[in-house]
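First the structure, in the form of structure tokens, and then the observations on it.
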Amino acid sequence: MLTRRDKPRPASDRERMTSLYNIACCHSKLGDARSGLVALAGCLEAGYADYGQIRTDPDLETLRKDERFEGLLKRYGQQSQGLLGGFNLNSLFGGDK
């Protein structure tokens, strides 16, 4: 049980990655490509590596239309696989494992 002085546990890398992906989707749907790309960059930095999902997710359409999108994917696609070794977000929802 939490008391007033207890702090909630920090978010795991997977939770952070999932949250940032969803934030990127929300900004994209709102037409805010800049903020969406910032959130997507954070998601990629945390280790998300399902580039097929990024390229096909209808919620990210606005981001894909932005001229900075390909550069962002290239930047992270050529790096090591991040903190979680190329974790696939779909595995959180019972998809690919």
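The values are calculated or read from the model by the stated rules, or taken from the named source; none is laboratory data. Note that the coordinates shown come from a computational prediction; the quantities given were computed from them, not determined experimentally. Methodologically, a virtual Cβ is constructed for each residue, glycine included, from the backbone with ideal geometry; neighbour enumeration extends over all protein chains shown.
Within region 12-30, residues that are free of Cβ contacts under 8 Å to residues at least 40 places away in the same chain reach partners that are part of a loop (DSSP other than H, G, I, E, B) and charged (D, E, K, R) with beta carbons closer than 9 Å, at six or more positions or on different chains, in the pairs C25/D57; C26/D32; S28/D57.
Within region 1-96, considering only helices (runs of 4 or more DSSP H) that don't extend past its boundaries, which have at least 2 residues that are among the small types (G, A, S) and at pLDDT 95 or above? Here the list reads 13-29, 33-45.
Scanning region 1-53 for residues that are crowded, with 19+ Cβ neighbours inside 10 Å and on the phi > 0 side of the Ramachandran plot yields one hit, G47.
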